[in-house]
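**Q** Could you have a look at this structure, given as structure tokens, before my questions?
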């Protein structure tokens, strides 16, 4: 390992990495549009590939081409690419590799028909008689708009366009005034929008550099995509969002801490979409179906889900209430990381800084240590998070496709259920605005894992259902994901019912 003589500021995500993360946010819309493109794959290539590889595929003029990278490495017309088999190209397109990220930062998410059309188009780029050799140049404005937004707008308006809560507090303004998704720029004329950027308004300062025409067009398109995603966010209408009627009586000595770290204070970190909703619905289940009183369930979401709050919740609030006969439950949904210095797996909170993971994230080692200090014998831990080495992983990965960490048994006297197995990629949110793992956890608690004999849902039945369902759903996305369960035989949570359905 190379030793640096003097302290330096930790590397931040590069502009190109951040733009890839930004495009990951609108990637579902782009992929949907690409799936309707023509058989020659030209539109799919323009939307998904040309921002890095260039309009002609030669790697020279892409607006998001990483700085300092030799264009020949991005050239799709050279012999190195021509010699790849269709199978090799298909794997590279779907999953990335050799410094190329997967599409939108999300491996295995492209429709097979789109991949086939892209393969045909890459082959056509090597044919001088093909129209692919002279494509139009309208491909790049969305990518340039994403780059401009990240560099000039995201700090105040947030990665998702809904506004930064901490900036709103600093400016003493209503957070809704920073929300671009409620009044996107198509409601203004082009001149009005350009004038707004050049002059500012209210507490918004004029931009130090105005976008050129193509950047302006892309900026408007990008904000429109953010608004479209915000307006199409599903409401809580899925059956799993409503806890079932349960025969379990509420207990005074049952306590729970529930954390949904879906947002970050740093605009370059994409949200863990669905994490806040995961936590809120999990809290409802605990209160309405699992025997916890409302006053005994502490919920931390949004900007309340900080590292200090999480430590205080477990090491203070929970420890001060629980005794030997108590029931304790800890739930987390959000991003995870691997600290590149210590190798510890970390839970990323609202105020986590990827450059200072050990100081701003909550390590599982610290969490399990806090839980060991709680005298309760009945303890359960459920983690819908995965882990990846390197501080840039959060920004690059988009939603939750992060690798899991150490495979050793958890050093804690508790039942522990996690979203993935060792060294697996975790699938992201499902259509109901939940993480894949939490969706099937809730589905099992809702009744899918219930005993047909008496309606009881024990952890062995619950885990068997969640494991099978997550594996099947993840496999449809070309991902291997297996939730893990660590259940010490003397742990009461491994034997008692978590829910008893009312018939």
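**Q** Pull out the extension gain between residue 312 and residue 60, defined as 0.36 nm times the separation in residues minus the alpha carbon to alpha carbon distance; nm, one decimal.
**A** 85.5 nm
**Q** Still on this structure: Could you calculate the contour length gain from residue 112 to residue 253, that is, 0.36 nm times the residue separation minus the distance between their Cα atoms, to one decimal place in nm?
**A** In short, 45.5 nm is gained.
**Q** Shifting gears a bit: Relative to the present Cα-Cα distance, how much length would full extension add between residue 169 and residue 155 at 0.36 nm per residue of separation?
**A** 3.7 nm
**Q** Using a 7 Å offset from the Cα along the Cα-to-Cβ direction at both residue 490 and residue 196, what is the distance between the two label points in nm, to one decimal?
**A** If labels sit at residue 490 and residue 196, their model points lie 6.4 nm apart.
**Q** Rounded to whole Å and sorted largest first, list the principal axis extents of the Cα atoms in the range 239-500.
**A** Largest first, the range 239-500 extends 49, 43, 31 Å along its Cα principal axes.
**Q** For an R0 of 60 angstrom, estimate the FRET efficiency from the Cβ-Cβ distance between residue 454 and residue 480 and round to the nearest 0.05.
**A** So the FRET efficiency works out to roughly 0.95.
Readers should treat all values here as calculations from the given coordinates under stated rules, not as data from a laboratory. Here the structure is a predicted model, which means the values were calculated and not measured. No Cβ is skipped: glycine too gets one built from the backbone with ideal geometry, and neighbour counts run over all protein chains shown.
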